[in-house]
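**Q** Take a look at this one; I'll ask things after.
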Amino acid sequence: MAITQRVLEKSGSGVYISRMTEHDLLEVVEIEEQSGLSRWGWAAYYAELQGNNRDLMLVARAEESKAPRVSHRLAGYVVARIGANELHINNVAVRERYRRQGIGLTLLARILEEGMRRGVDAAFLELRAGNKAALSLYEKCGFRVTARRKGYYSEPIEDALVMTIQLDRNA
């Protein structure tokens, strides 16, 4: 059974995942800002959408029956790149009202599956050392801390934890 299917069955998240488009960028930036991620901004996401890794930019949309009547449509997103036979997960964020519903787990599962489909051997990411919620999420997906980068983040200055997972295409 595929990773995404197992995660969706466990989470009951009520979301569907699709490719990010230009029309999603204002909400993506809004979620980024609310989540406290290192700022990419609209122009950087737009540039990524024009590149070879655009299929590794996904958004989670809440099903209409689960979504409260609000002005936004996106529950979360993930952005990744492939290089040197590795999947680098750049950003994962979920809108606060949708957290703890399995959406981050679902996004990660989908991006890891895409990495496996493309034949990469491993995935990695960096996160703020003090971000316990993200650390827990990544550990649930099977990531393990492999390094620490001193003073990696600014505003505020904080160490980064590097986490990796080996992707077994036969699982």
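**Q** May I ask you to verify whether residue 60 is of a type outside the set (Ser, Thr, Tyr), assigned to a strand (DSSP E or B) and within 13 Å of the chain's Cα centre (by Cα)? Give the derivation first.
**A** Values: of a type outside the set (Ser, Thr, Tyr): yes; assigned to a strand (DSSP E or B): yes; within 13 Å of the chain's Cα centre (by Cα): yes.
So residue 60 passes the test.
**Q** Could you check, for region 65-78, whether at least one of its residues is farther than 22 Å from residue 168 by Cα, in contact with a Ser or Thr (Cβ under 6 Å, 6 or more places away or on another chain) and either in a helix (DSSP H, G or I) or modelled with pLDDT under 90 (or both)?
**A** No: zero hits.
**Q** Can you say whether residue 16 is modelled with pLDDT under 90 and either over 24 Å from residue 131 (Cβ atoms) or touching an Asp or Glu at 6+ places or on another chain (Cβ under 6 Å) (or both), as far as the supplied structure shows?
**A** Taking the combined requirement at face value, the residue satisfies it.
**Q** Considering every residue within region 125-147, establish whether at least one is at negative phi and touching a His at 6+ places or on another chain (Cβ under 8 Å). First the steps, then the outcome.
**A** Quick first cut of region 125-147, residues at negative phi only: 125-141, 143-147.
Next cut, touching a His at 6+ places or on another chain (Cβ under 8 Å) only: 125.
Yes, because at least one residue in region 125-147 is at negative phi and touching a His at 6+ places or on another chain (Cβ under 8 Å).
**Q** Same structure, new question: How many residues are small (Gly, Ala, Ser) and under 13 Å from residue 89 (Cα atoms) when one looks only at region 106-133?
**A** The number of residues fulfilling the criteria is 4.
**Q** Looking at region 99-171, what strands (runs of 3 or more DSSP E) fall wholly within it and have at least 2 residues that are closer than 22 Å to residue 76 by Cβ and free of Cβ contacts under 8 Å to residues at least 60 places away in the same chain?
**A** 122-128, 158-166
The values are calculated or read from the model by the stated rules, or taken from the named source; none is laboratory data. In this text the structure is predicted, and so the values were computed from the model without any measurement. Every residue, glycine among them, receives a Cβ derived from its backbone with ideal geometry; neighbour counts consider all protein chains shown.
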